[in-house]
C-alpha cells in the first residue's frame with residue numbers, strides 16, 4: 001500500500017516546456033503502477049490545462065509562471081492542481097480551437113476552476129480498477 | 001490517364017503545443033493530390049493543438065475536394081481516444097489498418 005505522496009513542480013515555462021511537466025508527472029505516477037491508458041489520459045488532461053496556461057501568457061513575455069501540484073491518496077484518487085498567474089481564458093469552441101476543457105472534463109472525475117488570484121485548475125482522477133495489481 | 005493520386009503525410013512523436021509550428025508546417029495540402037493518407041502510426045501523443053491543426057487541414061482538404069484518411073495502427077489508441085473525448089469522432093476518417101484507409105480513399109474516385 002502506498003500512502004499519500006506529492007509532487008510539486010514550479011517554474012517559469014514556455015509552450016516547449018509543457019512536455020517536461022507531463023514527463024515529471026508520468027514519472028511520479030509510475031510508482032502507483034497505474035495502467036498505460038489511465039496514465040496517458042491523465043497526461044493529456046494535464047497537458048491541456050498547461051497548454052492553455054502557456055498559450056495565454058502575458059503579452060509582454062513568452063514566459064508563464066506555472067505550478068503543478070499532484071498528490072496521490074493511495075490509489076484511490078489523484079488530485080492535480082495547475083496554477084498560473086494569468087486570467088482564465090479557456091476558449092470556447094471556435095475555428096477548431098477550444099477543445100481543451102471538453103477533453104479535460106471527459107477524462108477527470110471532477111474539475112474545478114478558481115480564478116480568485118491567477119488561475120487554479122483542480123482535476124481529480126479516479127484510477128478505479130485501472131491499477132495493475134502486484135509486481136510482475 | 002489515371003489522375004488519382006494519394007499523398008502520404010507521416011507524423012511521429014508527440015504532437016503537442018511545443019511543436020505547434022512544426023505541425024502546421026507539416027500539414028500543407030500536397031500539390032496535385034486527390035486524396036491524403038495521414039500516417040499516425042508513430043505518434044505517441046496528440047493533444048488539442050494537433051486537433052486544431054488537423055481540423056484546419058481537413059477544412060482545406062474539403063474545400064479542395066480532397067478526401068483525407070488517418071491511419072493510427074493497432075497499437076496506439078491515444079489519438080482515437082483524443083477525438084472521442086473532444087466529441088470529434090465524426091470529423092475524421094480514422095482507421096487502424098492502412099489497407100482500410102486506402103480502400104476508403106480509393107472509394108473517393110469511384
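For labels at residue A:16 and residue B:103 in the simple 7 Å Cα→Cβ model, what's the distance in nm?
4.4 nm
Determine, at each q value in 0.15, 0.17, 0.21, 0.22 (inverse angstroms), the log₁₀ of I(q)/I(0) that the Debye formula gives when each Cα of the range A:4-125 is one equal point scatterer.
-0.63, -0.82, -1.24, -1.36
Distance in nm between label sites at residue A:9 and residue A:63, each 7 Å beyond Cα in the beta-carbon direction?
Those two pseudo-labels are separated by 1.8 nm.
So for the protein assembly as shown, what percent of the C-alpha to C-alpha distances run longer than 32 Å?
Here the tail beyond 32 Å accounts for 26 percent of pairs.
Let me check against my output: what whole-number percent is the relative contact order of the range B:6-109, with C-alpha pairs under 8 Å and at least 6 apart?
Relative contact order here is 29 percent.
What distance in nm lies between label points placed 7 Å from Cα along the C-beta direction at residue A:35 and residue B:84?
Here the modelled spin labels are 1.2 nm apart.
Can you give the average number of partner chain beta-carbon atoms within 10 Å of each beta-carbon in peptide B:45-53, as a whole number?
6
Using only DSSP helix segments of four residues or longer, with each worth -39500 (n - 2.57), what per-residue ellipticity at 222 nm results for the protein assembly as shown after dividing by its residue count and rounding to 500?
My calculation for the protein assembly as shown gives -10000 deg cm²/dmol from helical runs alone.
Compute for the range B:6-109: radius of gyration divided by Kirkwood radius, i.e. Rg/Rh, restricted to C-alpha atoms, rounded to two decimals.
Answer for the range B:6-109: 0.92.
Compute the helix-to-body angle for B:48-63: its Cα long axis versus the longest principal axis of chain B, expressed 0 to 90° and rounded to tens.
Once rounded, the angle reads 20 degrees.
No value in this document is a laboratory result; all are computed from the given coordinates. All values reported here derive from a predicted model rather than from experimental measurement. Note: ideal-geometry Cβ built from the backbone for every residue, glycine included; neighbour counts use all protein chains shown.
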